[in-house]
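Visitor: Would you mind keeping the following structure in view while I ask a few things?
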Amino acid sequence: MKTSFKPIHGLTLLCGVTLLCGCHSIGPMTVARDRFDYSSAITESWKRQTLLNIVKLRYLDPPIFVDVGQIVSGYSLATGASIGGTLASENGVNNMMLGGAATFTDRPTVTYTPLTGSKFVRALITPIPPESLFSTLQAGWPADAMMLTGIASINGLKNQQASISGVAAADDGFLRAIQLMRKIQLSDAVGVRVVQGTNKDESTLVSFHAQNISPETLADIRELHELLHLAPDAQEFKLVFGSTPANDRELAVVTRSMLHIMNSMASQVDVPPQDIAEGRTTPGWNALSPTAEQRRLIRIHSAKSEPSDCFVAVPYRQHWYWIDDRDMKSKRMFSLIMLLFTLGDNSEPAGAPVLTIPAQ
């Protein structure tokens, strides 16, 4: 009696796959991919949520924030194989059966935490501490952008103000002061350090002058001291929260809260003229003269159709609102406000999430 079999390549392949899956974990292979994908998704959703809240404030809608509390990704892989056959004499027929199965499951669970309650509201409406804002200048953040965004006034010079009735333009002296601070910052001739006092509400702003300062930078420093009514020879200034300084060695700063900053940006959203005419939204930036265009914090466009080339875009009230991807100034300001959220957040960590949605 002779019995013969033909080589079965599928059997070899299945056994190899089964052994491979049994010897190697799928977890490590997902880390690089998942961290990148989740990071990109969270960043994009944070940008869209921030833009949406700015646009909503233009229409006097309350801002709502939902935080991604936790992401748990679970994976499972189950494999199996079966072999069966019947052997007969040489006059009969030889049968061989081969079977296999594999199941892969990806089941992430995302938790969302609505940011509400007194602690969050307090963080939203509490002005950013002056020492925190000036510490960003010490770290190299652009002085003009930070002060135009986060400061309402400095030593009596007022920034632009937005309200229901419209927008009040910034004092020329304020705009010149922040321009001079940026020029001095770029010259590397003066360094700034914030020193915390014994009283947590008091700080000192210390400036360090380089040995060889150009005549142009010296002129800028003198002009800045004159604009802010500071002592010309002073290198240490008491940093306080307030509208006016007590003396010529004090820097009185009124900082904005995150809600104030968002309201200022909301006033500059381009909205349909019909919405203004019908009283659905405030006049905003449209009420200012065309010469104020260069003093914009940000430009947010609007149109009926979805934009094709944008940094971030959201739909709202049958319109699309977006920031152009080629508008570097608006992109920088928008990124700054997202970073400023961390400076203004003095609340405690949120409690357990109240909403959990498995993404099947």
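The values are calculated or read from the model by the stated rules, or taken from the named source; none is laboratory data. Everything quoted here is computed from the prediction, not taken from an experiment. So basically every Cβ, Gly included, is an ideal-geometry build from the backbone, and we count neighbours across all protein chains shown. Remember, those area values only see protein heavy atoms, side chains included, never the ligands or the DNA or RNA. Shrake-Rupley method; radii C 1.70, N 1.55, O 1.52, S 1.80 Å.
Visitor: With the crude spin-label approximation of a point 7 Å out along Cα→Cβ, what separation in nm comes out for E226 versus S187?
Guide: The two pseudo-label positions are separated by 1.4 nm.
Visitor: Gain in length, K331 to R317, computed as 0.36 nm per residue apart minus the alpha-carbon separation, to one decimal in nm?
Guide: 2.7 nm is the gain from fully extending K331 to R317.
Visitor: Set the Förster distance to 35 Å, then compute FRET efficiency between F241 and A41 from the Cβ-Cβ distance, nearest 0.05.
Guide: That gives a FRET efficiency of 0.35.
Visitor: Hey, another quick one. Full-extension gain between D248 and S73, please, as 0.36 nm times their residue separation minus the C-alpha to C-alpha distance.
Guide: 57.2 nm
Visitor: Please list, ordered by chain and number, the residues whose modelled amide H lies under 5 Å from the amide H of C310; skip anything fewer than 5 residues away on the same chain.
Guide: D325
Visitor: Related question: With no solvent and one equal point scatterer placed on each C-alpha of the range 170-279, evaluate the Debye formula and give log10 I(q)/I(0) for q = 0.10, 0.15, 0.23 Å⁻¹, two decimals.
Guide: Taking Cα atoms of the range 170-279 as identical point scatterers yields -0.42, -0.78, -1.39.
Visitor: Using the structure shown, select from K238/K331; K56/K158; K56/K304; K119/K331; K119/K238; K158/K238 the pairs with a Cα to Cα distance greater than 23 angstrom.
Guide: K238/K331; K56/K158; K119/K331; K119/K238
Visitor: Using a 7 Å offset from the Cα along the Cα-to-Cβ direction at both E278 and T116, what is the distance between the two label points in nm, to one decimal?
Guide: Each label point is offset 7 Å from its Cα along the Cβ direction, giving 2.9 nm.
Visitor: Between G156 and residues 5 or more places away or on another chain, which pairs have amide H atoms under 5 Å apart, with H built 1.01 Å from N, and which residues are they?
Guide: Placed amide hydrogens put nothing under 5 Å from G156.
Visitor: Check G69: other-chain or 5+ apart residues with amide H under 5 Å from its amide H, H built from backbone geometry?
Guide: The answer is T111, Y112, T113.
Visitor: ³J(HN,Hα) across the range 322-331 via Karplus (A = 6.51, B = -1.76, C = 1.60, θ = phi - 60°), whole Hz, x for Gly/Pro?
Guide: 7, 10, 5, 5, 9, 8, 5, 5, 5, 5
Visitor: Taking the highest mean first, how do the peptides 121-131, 268-278, 37-47 order by number of other beta carbon atoms within 10 angstrom per residue?
Guide: Highest-to-lowest ranking by the protection proxy: 121-131, 268-278, 37-47.
Visitor: While we're looking at this one, here's another question. Multiplying the sequence separation of I125 and V31 by 0.36 nm and subtracting their Cα-Cα distance, what value in nm do you get?
Guide: Extending this stretch completely gives an extra 30.0 nm.
Visitor: Once neighbouring chains are kept in place and the probe is 1.4 Å, which whole percent of the accessible area of the range 115-244 is contributed by carbon and sulfur?
Guide: C and S atoms contribute 54 percent here.
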